[in-house]
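A quick write-up on the structure given underneath.
The values are calculated or read from the model by the stated rules, or taken from the named source; none is laboratory data. If you're wondering where the values come from, they're calculated on a predicted model, not measured in any experiment. Glycine also receives a Cβ, built like all others from the backbone with ideal geometry; neighbour counts cover every protein chain displayed.
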Amino acid sequence: MISTYTFSKLLQIDHIDDQFPIFNLKEWKSFEMNQFDKLKEDDFQVTVNKIIEIGIASLSELELKKFEHIISNFNRAWTVLRMKLKKISSQDIFDNKPILFNSYNKINSWLSNFFPTLIVDIDYRLIYRSLEHGYVCFKARKAALNNLSEEITYINMLPTAKEAKQVGSSLWNRKNDSDNEIACGEMMRLIHLKYTQNLVLNDLLKKTRPSELQEHTSDEFWGTCYGAIINENSNHLGKIIMEYRNINNK
């Protein structure tokens, strides 16, 4: 596995902190994508685990802004690698037909909340390894747990979005229209963070226009119950992503 020091050199960071080279920095420079050709998925995963472990609670406002920029570049390199591994290219993905997506669809999994991409949530001083982790943390806050801080730390340390979702199933759940509105508002906030902090995904999303996006899962609210339910009360995730696409990618 490539050393932490070499990884930092590839990221062109001037100041290298002994504990975590891409966390406490003095200056950040742009990089060329081909500088990451030597990296493997495991190299990114090790770095992600370290980022989540350290967290961002102690950073100042200025440091948070710098860190958000770092994560955007990190996500760009990580996503390019994952696209190569899955042999995904834009010509394989897009036409004018409805785009069906879920976490296990090889080509369109990047639209899923399960897709690995770091999300810096400045509002709550947290960083998530997927949008699903962020949404489950939202559910933990809505559940008003006595041990909220410990629960959110536990959620964020879970290695996969599937595990996070399983934990979330026992937390707060929507019960009425007001809950639905609150949940959709939070989902839009997280969708905005996901795509603005991963410009590879943002560019892919632009290219999906004008296709309809449908979450092809068993969920009757966020998804379409595998296409069986397509109406005003279903596919809310697909609709939220399309709303973001229309507002931010004109």
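Considering the range 141-166 alone, what residues qualify as being of a type in the set (A, V, I, L, M) and under 19 Å from E53 (Cα atoms)?
The answer is L148, I152, I155, M157, L158, A161, A164.
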Give me the residue from the range 218-250 that is surrounded by fewer than 20 Cβ atoms within 10 Å (Cβ to Cβ) and among the polar types (S, T, N, Q) and, out of that set, modelled with the lowest pLDDT.
N249
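Which residue is farthest from Y195 (Cα to Cα), if the candidates are limited to the range 35-57 and must be assigned to a loop (DSSP other than H, G, I, E, B) and at pLDDT 80 or above?
From the range 35-57, those assigned to a loop (DSSP other than H, G, I, E, B) are 37-40, 55-57; that's our starting set.
The next check asks that each one be at pLDDT 80 or above; those that pass are 55-57.
Numbers: G55: 21, I56: 20, A57: 22 Å.
Restricting to residues being assigned to a loop (DSSP other than H, G, I, E, B) and at pLDDT 80 or above, the top hit is A57.
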Within the bounds of the range 103-111, is there any residue that is surrounded by 13 or more Cβ atoms within 10 Å (Cβ to Cβ), modelled with pLDDT of 95 or more and within 19 Å of F44 (Cα to Cα)?
no
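Matching residues to (1) assigned to a helix (DSSP H, G or I); (2) under 22 Å from F74 (Cβ atoms):
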{"position": "L190", "(1), (2)": "yes, yes"}
{"position": "L201", "(1), (2)": "yes, yes"}
{"position": "R209", "(1), (2)": "no, no"}
{"position": "T217", "(1), (2)": "no, no"}
{"position": "C225", "(1), (2)": "no, no"}
{"position": "A228", "(1), (2)": "no, no"}
{"position": "K239", "(1), (2)": "yes, no"}
{"position": "R245", "(1), (2)": "yes, no"}
What number of residues in the range 199-217 are in contact (Cβ under 8 Å) with a residue 40 or more places away in the chain and surrounded by fewer than 17 Cβ atoms within 10 Å (Cβ to Cβ)?
7
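Can G185 be described as of a type in the set (G, A, S) and in a helix (DSSP H, G or I)? Before the answer, list the steps.
Working: of a type in the set (G, A, S): yes; in a helix (DSSP H, G or I): yes.
When the stated conditions are applied, G185 passes them.
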In the set K86, K106, K162, the lone residue that is over 23 Å from L199 (Cβ atoms) and basic (K, R) is K162
Filtering the range 168-195 for residues that are at pLDDT below 95 and either within 20 Å of I70 (Cα to Cα) or among the aliphatic types (A, V, I, L, M) (or both) leaves a count of 1
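Looking at the range 188-198, which of the residues that are of a type in the set (S, T, N, Q) and surrounded by 21 or more Cβ atoms within 10 Å (Cβ to Cβ) is farthest from S112 (Cα to Cα)?
It comes out as Q197.
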